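The values are calculated or read from the model by the stated rules, or taken from the named source; none is laboratory data. Only a predicted model underlies this, so the values are computations on that prediction, with no experimental measurement involved. Here the Cβ positions follow ideal geometry from the backbone for every residue, glycine too, while neighbour counts run over all protein chains shown.
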2 protein chains.
Amino acid sequence: MNIKDVIRAEEGEIFDIELDENVLKANAKLAQQNRELLLKHGVNSIDVMGSIGAGKTSLIEKMVEKLKTRYRIAVFKGDLTTTIDAEIISRHGVDVIAINTGKECHLDANLVHKALKRLNLKMVDLLFIENVGNLICPAEFPLGSEKRIVVISVTEGPYMVVKHPFIFMDADVVAINKVDLAEAMEVDVTKLGGDVKKINPKAAVVATNCRTGEGVNQVIAALKL
Amino acid sequence: MNIKDVIRAEEGEIFDIELDENVLKANAKLAQQNRELLLKHGVNSIDVMGSIGAGKTSLIEKMVEKLKTRYRIAVFKGDLTTTIDAEIISRHGVDVIAINTGKECHLDANLVHKALKRLNLKMVDLLFIENVGNLICPAEFPLGSEKRIVVISVTEGPYMVVKHPFIFMDADVVAINKVDLAEAMEVDVTKLGGDVKKINPKAAVVATNCRTGEGVNQVIAALKL
């Protein structure tokens, strides 16, 4: 038996609101202003994106541990309503600003702009911006950062990259996390990495276990930090 | 060290587009029409929502196996661009319509309305509508279904419920999946279930392993099927 039918959403349909060009243009313009502000103060900035529980916060924690003696680090942490992760990261002795989006499913350049105004950028060398747990919506909203990491987890299944291509198109680094569970999940890490490379040949793909720290040095090297 | 600051997105901010009341009202109206159409034809309809890789498709497969001798089943399967999951479900001998949302991060009542028009509703008793893998955006877009299942996975971490409360508010059943990995992930399933109950005391919480079928009968019972 085959699939009975395939329906494709067309641009301009009434609920196709994410693609509103005015919103995207306004966001892109403000993202560019954020970028200029960061560059002016010599702040290196990195987006960290990925689905719920992929390991974004754990990766940031491990990078902060390794980098905080070399750089003055700040972290923006996006979440709907909680500050749990922001508190976890702040225990590492770096400045953290929590950004609560309410029901919004992604950060945008406006929220990041507000957060940047609360920070003394002269005192920051490196900024991580952790987005809300979502592998889809953040792709369309640049925030102004220099580089983008996407964290995926083998627990998300064997097809997760091909099913969500857009987020990988602009990624500089893709961390395939929880590789210790790959066998139990029957997921082929090399195949997942190949799926990423087909979408974006320039992305550096690194296998990680953010609990043990495996692969974190390679992520840092890929970001040229 | 504490969090330096907490920024909260306010309604009416320029990029706060999801909360556009006109869009939500138009969606709600069309969802009501979908509901009436389904009721008129005696079709029981169930949303299946959850993040990427939580096990939505696996749960539907197991339910289809157990229920297809008792009901004539159809499945709508939302995904950005692929039909991988739709093909997997169609192997079980039920009618499947794939709905590709493009860059959209959730189904809406309009897309479901289009899919309903392609289906001979007189030949259907039970309809599962699997949303795009996303634990945030689908919460605001009712589709017209009778009941909602949310599938979460222990691999998504110990705080995943409290961090994404909105999706649980209208859930009839919450399946906590991959319970075989709970110990390895250091996640307390009872605690996760308690987090759900705090948000929505009426939700039935079922521990599942959709690979082995553990808990699937309880999900079916909770849906009164």
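Overview of results
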{"quantity": "Residue in the stretch B:95-123 that is nearest to B:Val75 (Cα to Cα), counting only those that are within 16 Å of the chain's Cα centre (by Cα) and in contact (Cβ under 8 Å) with a residue 60 or more places away in the chain", "calculated": "B:Val112"}
{"quantity": "Top-ranked residue of the stretch B:23-45 - restricted to ones that are basic (Lys, Arg) and within 13 Å of another protein chain (Cβ to nearest Cβ), ranked as nearest to B:Arg72 (Cα to Cα)", "calculated": "B:Lys29"}
{"quantity": "Of all residues making up the stretch A:186-225, the number that are modelled with pLDDT of 95 or more, among the charged types (D, E, K, R) and in a loop (DSSP other than H, G, I, E, B)", "calculated": "3"}
{"quantity": "Criterion violated by B:Val48 - all others in (1) modelled with pLDDT under 95; (2) not in a loop (DSSP other than H, G, I, E, B) satisfied", "calculated": "(1)"}
{"quantity": "Restricting the stretch B:63-74 to residues that are surrounded by fewer than 24 Cβ atoms within 10 Å (Cβ to Cβ) and in a helix (DSSP H, G or I), the residue that is nearest to the chain's Cα centre (by Cα)", "calculated": "B:Val64"}
{"quantity": "Pick from the stretch B:133-164, criterion of a type in the set (Val, Ile, Thr) and facing chain A (nearest Cβ under 7 Å), ranking: nearest to A:Arg8 (Cα to Cα)", "calculated": "B:Ile136"}
{"quantity": "Residues of the stretch B:113-122 that turn out to be hydrophobic (A, V, I, L, M, F, W, C), assigned to a loop (DSSP other than H, G, I, E, B) and more than 9 Å from chain A (Cβ to nearest Cβ), as a count", "calculated": "0"}
{"quantity": "Qualifying residue in the stretch A:124-131 (condition: of a type outside the set (Val, Ile, Thr) and within 7 Å of chain B (Cβ to nearest Cβ))", "calculated": "no"}
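For (1) buried (at least 20 other Cβ atoms within 10 Å of the Cβ); (2) touching a strand residue (DSSP E or B) at 6+ places or on another chain (Cβ under 6 Å); (3) assigned to a loop (DSSP other than H, G, I, E, B); (4) not aliphatic (A, V, I, L, M), each residue gets a yes or a no:
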| position | (1), (2), (3), (4) |
| --- | --- |
| A:Ala28 | no, no, no, no |
| A:Phe76 | yes, yes, no, yes |
| A:Ala86 | yes, yes, no, no |
| A:Cys105 | yes, yes, yes, yes |
| A:Leu111 | yes, yes, no, no |
